[in-house]
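Where a number appears in this text, it was derived from the coordinates with a stated rule and is not lab data. Everything quoted here is computed from the prediction, not taken from an experiment. Glycine gets a Cβ as well: all are built from the backbone with ideal geometry, and neighbour counts include every protein chain shown.
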Amino acid sequence: MCSNSGECFVVLPTFTESNEVIFGRNSYRPDGEVTEVLYANDKEKSIIISKPFEVKGAESGANDSNVSIGITWTDGESLIESYDSTTLTRMALETSSSAVDAVEKISEFIEKNHSCDKSDMPKYGFVICDNKEVWILNIAGKNWAAEVITEGCRRIPQGFSITTKIDKFSPNLQQTAQDLALWDGNGDFNFQQAFATSNPTGATTWPGTEPSVDAKFSVIDMFKALRSVESDKSAQSSHVSQLSSTGLSCHWFTATPNPNESVFKPFVFTTNVRISPLTVVQPSETTTLLHKLYQQRNWSAVGNLLRSLEDACVEEMTRTLSEMGGISNSDFDELLKDCVEAEVKFYR
């Protein structure tokens, strides 16, 4: 299995214009890999997820309880598929009512099922958000540490990013690190130094203008941040979530590579929501129709128009969501479907 890695960005109230939590993620996978965006409602929570084709779990996604999760890093995936990082992401989205609930569900699972053997210790990094706070969760075998972020902004690179600020952790974490000769017991315990096999990959400074109280960061600003990232890897898909405490949350997906030549399309949970079949690989196929048509794009000819349509969509969604408060209705049932099907007309 290819390594799942991604770079995540989070901005919390009071830095955002609508006092919401805004989460963004670029997915770094092999060039040319197909990303699916699909909806499911057969478990406790309804979910919208972004995932590589042929992966059953999710690299990132959100549920109808205002929880969003993204993988930042994997190293040495579990040989058992039901224990891998994508499966844990999907499981947490299907069952969690808050970010801290997701932290607890994932950590309880790995404590029961993962190895503590130093030579067989899969390592995972997650960013887990709801409409009030953000948790970073780093896992090494049965060992884990979690850090909560309640204000400001953060760029979370690929790799372990938790050092000495640890707000939740696995039982006997420090003693286990000493028993495994990963820490000598002197000074402040540093999870990253003890368990990481390498330093985090990528910058930790914000690309462009860093969010602040005065700037009132918006979802378009998050699109710009994801498009401004300089990386030696090409993003194969991108995902943004606006998590609201007072109204409806909105989730945006490209479902195509390179955010600089992709369009973010919105999704809102409703009772009878339908997404486009163009973002799902159909039986006997190996690619989505959106991805296939996207590969034929002439971005220099259509890019400016698509970007202006994206801006208009954001403006309309912002106005509509503010007017509706927290009440969803059937107007959003085919929102993502309509946007995807409008986009592909420019690629044919």
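Taking the 0 to 90 degree range and rounding to the nearest ten, how far is the long axis of helix 335-344 tilted relative to the main principal axis of the chain, both from C-alpha atoms? The helix 335-344 is inclined about 70 degrees to the chain. Using alpha carbons only, how many degrees (0 to 90, rounded to 10) separate the axis of helix 99-113 from the longest principal axis of the chain? The answer is roughly 50 degrees. Using only side-chain charges placed at the Cβ, +1 for Lys and Arg and -1 for Asp and Glu, the dipole size of the chain relative to its Cα centre rounds to 440 debye.
Please give the contour-minus-distance gain from residue 201 to residue 329: 0.36 nm per residue of separation, less the Cα-Cα distance, rounded to one decimal in nm. Kindly include the intermediate steps, with their values, before the conclusion.
Working: separation 128, 0.36 × 128 = 46.08 nm, distance 4.21 nm.
Value of the extension gain: 41.9 nm.
Residues considered: 327, 22, 275. Largest GNM mean-square fluctuation over the chain, using C-alpha springs under 10 Å, is found at 327.
So if I place +1 on the C-beta of Lys and Arg and -1 on the C-beta of Asp and Glu, and nothing else carries charge, what would the dipole magnitude of the stretch 262-335 be about its Cα centre? I want it in debye, nearest 20. Each step should come with its number before you reach the end.
Values: 6 positive and 9 negative charges, 69 e Å.
Rounded to the nearest 20 debye, it is 340 debye.
Pairs from the list 51/224; 43/216; 123/337 with a Cα-Cα gap above 32 Å: 43/216; 123/337. Distance distribution P(r), the stretch 132-236, all Cα-Cα pairs, bin width 10 angstrom from 0: 13, 37, 30, 16, 4 percent. If only the Cβ of Lys and Arg carry +1 and only the Cβ of Asp and Glu carry -1, the dipole of the stretch 7-142 around its Cα centre is close to 160 debye.
Among 87-100, 209-222, 54-67, sorting by the average number of other beta carbon atoms lying within 10 angstrom of each residue, highest first, gives 54-67, 87-100, 209-222.
Modelled this way, with points 7 Å down the Cα-to-C-beta line, the labels at residue 40 and residue 148 are 2.9 nm from one another.
Shape analysis of the stretch 195-297 yields a ratio of the Cα radius of gyration to the Kirkwood radius, Rg/Rh, of 1.03. Taken along the Cα-to-beta-carbon direction at a fixed 7 Å, the label points for residue 101 and residue 14 span 2.9 nm.
For residue 338 and residue 53 in the same chain, what is the full-extension length gain: residue separation times 0.36 nm, less their Cα-Cα distance, in nm?
Values: separation 285, 0.36 × 285 = 102.60 nm, distance 2.23 nm.
Here the answer is 100.4 nm.
Please list the three semi-axes, largest first and in whole Å, of the ellipsoid equivalent to the chain, using sqrt of 5 times the eigenvalues of its alpha carbon gyration tensor.
Working: eigenvalues 214, 93, 74 Å².
Sorted largest first and rounded, they come to 33, 22, 19 Å.
What angle, in degrees between 0 and 90 and rounded to the nearest 10, separates the Cα long axis of helix 85-95 from the longest principal axis of the Cα atoms of the chain? The answer is roughly 70 degrees. Stretching residue 286 away from residue 345 to a fully extended chain increases their span by 19.1 nm, per 0.36 nm per residue minus the current alpha-carbon distance.
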